[in-house]
Amino acid sequence: MRFYAGAPIHAIADDGRRHPIGALCVLDTHPRSLNAAGRKALVHLATLAEAAIAARTAAMQALAIAVTADRQSSVLARQDRIFRQAERMAAIGSWRVLWPDGPLEWSDGVFRIHELPLGAQPDPSKAIDHYPPHAREQIAQALTDVIRTGVPIDLELDFTTALGNPRRVRVQGELEHAAQRNVDGPVAIVGIFQDVTDRHALELTLRRTAETDALTGLANRAAFDRALDAAITRARTAATPLLLALVDLDGFKAINDTLGHNAGDDVLRGVGQILQAPWLRGSLAARLGGDEFAVIVDDPALVGAPEEIISRLQEALQVPVSVDGLAMISAGTVGIAALEADCQTVRDFVHRVDIVLYRAKRERIGERRRAA
């Protein structure tokens, strides 16, 4: 080898700087000199080599990006399938709206809850028609508040599907970006929409069970205490009259002992029906325990006539009971009193009516003895 000439080859690193990685060399077995044209040609060849290396690097990077994108696309597709399955299982869907004029976007789950076919995204002004009027006002106010204050939406509302089926739904939402409420123009709100009908029905059933006397269907003692406390507060606030009636069955133990507990249960169920008669106009009746009952009366037409209430109840409670040819009369004594200034608590009010009740019982016992 009698001749050598070389030109450096560079590559661009991730930091953007050119780094020498090798050389393009020419050799000859005869001695010679490299003129300007030869040097220019050699540098040009080195530049072509650099371009080929850069192209190869770009192609490899593009291939890597394509492989990554394909992998990510598969992951996203799998996650989307899982999300759609979760939507169906949980009766849930997602929504997004540009407030105030739309458009409104629903996931498949929201269409299913509305019992609408998948298709074009709905008109926001028509979507709200699925709610009763008072619920529409709640939704509008909640959307206004989330834009004004950034406080997320979380509502449970009654709802009617496109097929007319009643539902209970939970609506949650928040600003897509926290800073949006300080930006002029449309604001994006995103959220979740869930059918909670079954859960709501279960809660109502459990609440009724917890607050209802199983035998008579009346309110139990705990529900009575809460209702009377609320009624006292309302009466104090609005300066309206309030009556409380207590009912004690006469000779109930004798019915149980003579005719049996089934007959006694029938009597208690009958009293439950009497205390829910239409003429009592929404008064709350409760079984306090055993053969003791109570009625909270706040109807304006009834509170002015306590003696009439006593008379009608005592007359209705006169019920014949017979088993296997044995007959007895079920009866009841009623004590009634109005809420007074010195009745500060539920206990005070009940105690006042208790005194009236037992005075009435002594009078009825005296009447029966005189009649005998």
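The values are calculated or read from the model by the stated rules, or taken from the named source; none is laboratory data. Just so it is clear, the structure is predicted and the values come from calculations on it, not from any experiment. A quick note on method: Cβ atoms are made from the backbone with ideal geometry, for glycine too, and the neighbour counts reach across all protein chains shown.
Would you confirm whether or not the stretch 280-291 contains a residue that is of a type in the set (Asp, Glu), crowded, with 19+ Cβ neighbours inside 10 Å and touching a residue at least 40 places away in the same chain (Cβ under 8 Å)? Outline the logic, then answer.
Restricting attention to the stretch 280-291, the residues satisfying the condition of being of a type in the set (Asp, Glu) are 291.
Now restrict to residues that are crowded, with 19+ Cβ neighbours inside 10 Å: 291.
Checking the rest, the ones that are also touching a residue at least 40 places away in the same chain (Cβ under 8 Å) come to 291.
Yes; the residues of the stretch 280-291 include at least one that is of a type in the set (Asp, Glu), crowded, with 19+ Cβ neighbours inside 10 Å and touching a residue at least 40 places away in the same chain (Cβ under 8 Å).
Okay, residues lined up against (1) over 40 Å from the mean Cα position of the chain (by Cα); (2) in a helix (DSSP H, G or I); (3) at pLDDT 90 or above:
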| site | (1), (2), (3) |
| --- | --- |
| 311 | yes, yes, yes |
| 330 | yes, no, no |
| 349 | no, yes, yes |
| 352 | yes, yes, yes |
| 355 | yes, yes, yes |
| 359 | yes, yes, yes |
| 362 | yes, yes, no |
| 367 | yes, yes, no |
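From the list 67, 43, 26, the one residue that fits, being among the aliphatic types (A, V, I, L, M), surrounded by 10 or more Cβ atoms within 10 Å (Cβ to Cβ) and within 60 Å of the chain's Cα centre (by Cα), is 67.
The residue of the stretch 185-236 that is nearest to the chain's Cα centre (by Cα), among those that are polar (S, T, N, Q) and modelled with pLDDT under 90, is 205. Comparison of 190, 169 shows that the only residue that is outside any helix (DSSP H, G or I), surrounded by fewer than 18 Cβ atoms within 10 Å (Cβ to Cβ) and aliphatic (A, V, I, L, M) is 190. I'd like to verify a number: residues in the stretch 139-166 that are among the polar types (S, T, N, Q) and exposed (fewer than 12 other Cβ atoms within 10 Å of the Cβ), how many? Qualifying residue count for the region: 2. Condition check: part of a strand (DSSP E or B) and either at pLDDT 95 or above or closer than 24 Å to residue 214 by Cβ (or both). Does residue 294 satisfy that? Spelling it out, residue 294 is indeed part of a strand (DSSP E or B) and either at pLDDT 95 or above or closer than 24 Å to residue 214 by Cβ (or both).
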